[in-house]
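Input: a single structure, listed below in structure tokens.
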Amino acid sequence: GLSASYLYTQFADTKKEIIKIVQQSMLDKKDELLSIYTDYLTDEFGSDYIKVLKDNTSLRRKAETSLSLIKDSEVQYLYLLYIDNNSKLRYLIDTTKDIDEKGEFSQRFYPQKDIWLKAASSQKSEVTAQAEIDKLWITMVFPIIRNEKTVALLGIDFSHAEYLKVNKTLIPLENIYLYSAVFIIVMLISAFLQLVIYYTHRKTSFIDPLT
């Protein structure tokens, strides 16, 4: 029983560690790609590209097409927000294809968590889990800095389907731990029964049948 419990605990810890490693690798890769994308914006539209994109629809479409290249099966939503004069977040670019979900240019963005304010003030990427939203796994916010001030934020929401995919790949490992636990339990029961049979036989062998 204790051995089986230990195995289960070991598997749970191993599973968490594997998911953590996969998640960090995924975040590091996207963080690097977002950094490359901001460099591209500077090269393509100049250092004041936020203002340029706000003022030009065709250039916004071009920037959206480029940003869409980062969006793969891991990503549910990917968008660029700017900070208006009242410190409110508004959509500049949204790569969402579904028109019903897509954020329109200048549309107000209402954050559900303070990760956006945290990223803006810390001026570094921030990550949060999205357990309360069915479609999402985690969100990463990448701040864009100009003259030591956060002027925009790139948001990337990772799909919950990706989390399920990672879990699915761990099923064979889970089965190994499960079979091992069952094997240990069966062996313990077998050993216990053998002890019972042994001591029962030993007891009866010491009893004189004539007494």
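The values are calculated or read from the model by the stated rules, or taken from the named source; none is laboratory data. Since the structure is predicted, the reported quantities are computational estimates derived from the model, not experimental observations. Glycine gets a Cβ as well: all are built from the backbone with ideal geometry, and neighbour counts include every protein chain shown. The accessibility values were calculated without ligands, DNA or RNA, using every heavy atom of the protein model including side chains. Shrake-Rupley method; radii C 1.70, N 1.55, O 1.52, S 1.80 Å.
Residue by residue through region 32-56, note down the ones that are without any contact (Cβ under 8 Å) to a residue 24 or more places away in the chain and open to solvent by 30 Å² or more (accessible area, probe 1.4 Å).
Those that are without any contact (Cβ under 8 Å) to a residue 24 or more places away in the chain and open to solvent by 30 Å² or more (accessible area, probe 1.4 Å): Glu32, Ile36, Asp39, Thr42, Asp43, Glu44, Lys51, Val52, Asp55, Asn56.
Taking region 119-140, which residues are assigned to a strand (DSSP E or B) and over 13 Å from Val75 (Cα atoms)? Break it down into steps so the answer makes sense when it comes.
At the first step, the residues of region 119-140 found to be assigned to a strand (DSSP E or B) are 126-129, 136-140.
Listed by number, the residues that qualify are Glu126, Val127, Thr128, Ala129.
Given the conditions (1) at pLDDT 95 or above; (2) surrounded by fewer than 17 Cβ atoms within 10 Å (Cβ to Cβ); (3) aliphatic (A, V, I, L, M); (4) closer than 22 Å to Gln24 by Cα, and given that Leu59 satisfies all but one, which numbered condition is not satisfied?
Condition not satisfied by Leu59: (4).
Quick check, is Leu154 over 13 Å from the mean Cα position of the chain (by Cα), part of a strand (DSSP E or B) and among the hydrophobic types (A, V, I, L, M, F, W, C)? Reasoning before the result, please.
Working: over 13 Å from the mean Cα position of the chain (by Cα): yes; part of a strand (DSSP E or B): yes; among the hydrophobic types (A, V, I, L, M, F, W, C): yes.
Considered against the rule, which asks whether it is over 13 Å from the mean Cα position of the chain (by Cα), part of a strand (DSSP E or B) and among the hydrophobic types (A, V, I, L, M, F, W, C), Leu154 comes out as yes.
Somewhere in region 87-96, is a residue surrounded by 12 or more Cβ atoms within 10 Å (Cβ to Cβ), of a type in the set (Asp, Glu) and at pLDDT 95 or above?
Restricting attention to region 87-96, the residues satisfying the condition of being surrounded by 12 or more Cβ atoms within 10 Å (Cβ to Cβ) are 88-96.
This time we only want the ones that are of a type in the set (Asp, Glu), so: 94.
Pick out the ones that are also at pLDDT 95 or above and you get 94.
Looking through region 87-96, at least one residue is surrounded by 12 or more Cβ atoms within 10 Å (Cβ to Cβ), of a type in the set (Asp, Glu) and at pLDDT 95 or above.
So which residues in region 98-133 are of a type in the set (A, V, I, L, M, F, W, C) and either open to solvent by 60 Å² or more (accessible area, probe 1.4 Å) or touching a helix residue (DSSP H, G or I) at 6+ places or on another chain (Cβ under 7 Å) (or both), if there are any at all? Spell out how you get there, then give the answer.
Step one: filter region 98-133 for residues of a type in the set (A, V, I, L, M, F, W, C), giving 99, 105, 109, 115-117, 119-120, 127, 129, 131, 133.
Once the filter is applied, which keeps residues that are of a type in the set (A, V, I, L, M, F, W, C) and either open to solvent by 60 Å² or more (accessible area, probe 1.4 Å) or touching a helix residue (DSSP H, G or I) at 6+ places or on another chain (Cβ under 7 Å) (or both), region 98-133 yields Ile99, Phe105, Leu117, Val127, Ala131.
Which number in (1) modelled with pLDDT under 75; (2) closer than 30 Å to Tyr79 by Cα marks the one condition that Tyr199 misses?
(2)
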